[in-house]
Amino acid sequence: MNTSCNISDLPPEPRRSSTCQSSTISTSASGTAKVARGLGVRYVVEGSIRRVGNRVRITSQLIDAGTGHHLWADRYDRELADVFAVQDEIAQRISAP
């Protein structure tokens, strides 16, 4: 997984929306496409969270479900107290034009 990519290749959308579904799934490229079809979305955000003491490492990646290409990925190492700020940061990074 790349630790930093650019999402400038995303086509402009008249409106962005999101669907949240949280689960522990190990997916292949075809599994990601299946999940995207089931949700009716073109892009899927995958990631993981690991905790050690009061620190968390969050990885997140944006995938074009049609092609399986990773459009963006990043890793965040933060204090557990900042977890909601990291969530907001990730959402902003993914949805920024």
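Laboratory data are not the source of any read-out in this text; all were calculated from the coordinates shown. Note that this is a predicted model, so its numbers are computed, not measured. Every residue, glycine among them, receives a Cβ derived from its backbone with ideal geometry; neighbour counts consider all protein chains shown.
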Query raised in the report: Looking only at residues in segment 68-85 that are in contact (Cβ under 8 Å) with a residue 24 or more places away in the chain and among the small types (Gly, Ala, Ser), which one is surrounded by the fewest Cβ atoms within 10 Å (Cβ to Cβ)?
Result: ALA81
Query - Members of segment 48-67 found to be within 19 Å of ALA85 (Cβ to Cβ) and either surrounded by 15 or more Cβ atoms within 10 Å (Cβ to Cβ) or of a type in the set (A, V, I, L, M, F, W, C) (or both), listed by number - result: ILE49, VAL52, VAL56, ILE58, THR59, SER60
